[in-house]
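Here's the structure, in structure tokens; my notes come after.
The values are calculated or read from the model by the stated rules, or taken from the named source; none is laboratory data. Quick caveat: nothing in here was measured; it's all calculated off a predicted structure. Positions of Cβ are backbone-derived with ideal geometry, glycine not excepted, and every protein chain shown enters the neighbour counts. Ligands, DNA and RNA are excluded from the accessible area calculation, which covers all protein heavy atoms including side chains. Shrake-Rupley method; radii C 1.70, N 1.55, O 1.52, S 1.80 Å.
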Amino acid sequence: MTEKPKVVVTRKLPYAVEARLQALFDVKLNHDDRPLSTAELEVAMMGADGLLPTVTDAIDSDLLNVKGRRAGIVANFAVGVNNIDLAAAEAAGVVVTNTPGVLTDATADIALTLMLNVTRATWPAENRLRRGEWTGFAPTAMLGSGLQDKVLGIIGMGRIGQAVAKRCHYGFGMDVIYFNRSPVADPGVPAQAVESIDAVMAEADVISLHLPGGANNDKVISAARIALMKPTAFLVNTARGDVIDEDALVAALQERRIAGAGLDVFYHEPRVPEALRLLDNVSLLPHLGSATLETRTAMGMLAVDNLEAHFAGRPYPARVV
Ligand code: DGY
């Protein structure tokens, strides 16, 4: 009998995914769900044929070039791959795969959740109620602003950007403008492409970010770009924390230069700046974009499909390098 490929999984995964991994591979699971140390990741790269990490694992050049490396595939449990040094992986001949498509709707739903939370100021209102401070209906108290007929600006019109645009256009009657680095043949919704990120920042009432993280987009939403926003505008980020200059955003929110922000991702996760946590014009979530059981299961199954394809020498469902 031929030996099953050895696979190390860095975090606990949904039950159905772990059951399938156990059926297919000689797999080391992480029942405790404790993030692995660099030394443990090195041991995994040296002892296994494949690694199944996620966004909390830094797969850097040192790890990819660790002496005695055996692993030939890093099957990331995420669509984003900014936790992996792709150039180093390519140079080292390590295949990297990801999980696109299956988390589009869940992530777009969280963008909408943040958008509604922050524009309707639900968090401070709920907090008031929970503290027992609600004194009853009052015509001018706890007023938010509506999305209807406002302009949605999407930066990064890929799958998730388009799914957010559809929800906002067909659900709320918003006009959609967007910036995407390359032309989008069919954005799937009536939408106007604009020539720059700056144009979206200046013209939109609600801006939703859907850019990849990593060095190329580091702080692309800079202090100067935040300064272009209307004082009544909101910024929503379900992409990666590093695409925003977080200090500049905090300053703009503190000084009420913009109306608010809805954030699911942060520059130094899981650290969220205290200054941000103290503000009432933000809605904050702990990286919940893909957090439904159905979605996390689908992501795991796609990661397993990628591993299966690798070991069978078949085309990969989702190869990055
Ligand atoms: C991703 O897939 O990139 C998300 O951020 C984690 O689900």
Probe of 1.4 angstrom, ligands and nucleic acids ignored: what's the accessible area per residue over segment 1-91, in square angstrom? 50
In Å, the Kirkwood hydrodynamic radius of segment 12-93 over pairs of distinct alpha carbons? 13.2
The alpha-carbon pair-distance distribution computed for segment 51-125, with 10 angstrom bins and whole-percent values, is 18, 37, 19, 16, 9, 1
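What FRET efficiency comes out for the pair Ala215/Glu195, r = Cβ-Cβ distance, R0 = 30 Å, nearest 0.05?
0.80
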If the label point sits 7 Å along Cα→Cβ of Ala141, residues of segment 110-131 with amide N under 11 Å come out as 128-129
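Any chance you could run the full-extension gain for Asp60 through Arg130? It's 0.36 nm times the residue separation minus the Cα-Cα distance, nm to one decimal.
On the way: separation 70, 0.36 × 70 = 25.20 nm, distance 4.44 nm.
My answer for the length gained is 20.8 nm.
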Rounded to one decimal in nm, the spacing of the 7 Å Cα→Cβ label points at Lys230 and Thr292 is 3.1
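Helix hunt in the chain: which complete DSSP H runs extend at least 18 Å axially by C-alpha with mean Kyte-Doolittle at least -1.0?
104-119, 159-172, 293-312
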Net charge near Met229: determine it from the other residues with C-beta under 11 Å of the C-beta of Met229, scoring Lys and Arg +1 and Asp and Glu -1. 0
In the chain, what is the count of Lys pairs whose alpha carbons are under 22 Å apart, counting only pairs at least 8 residues apart or on separate chains? 9
Along the positive direction of the dipole of the chain (beta-carbon charges: Lys, Arg +1; Asp, Glu -1; about the Cα centre), which of Gly158, Ala108, Pro139 reaches farthest? Pro139
Using the Kirkwood formula on the Cα atoms of the chain, what hydrodynamic radius do you get, in angstrom to one decimal? 21.0
Give the distance, in whole Å, between the Cα centre of segment 269-321 and the Cα centre of segment 162-230. 21
Cα gyration tensor shape of segment 232-321, rounded if a/c is under 1.5, else prolate or oblate by comparing a/b with b/c: prolate
Label-point separation, Arg70 to Arg34 (7 Å along Cα→Cβ), nm: 2.3
Rounded to a whole number, what % of the accessible area of the chain do carbon and sulfur atoms account for, probe 1.4 Å? 53
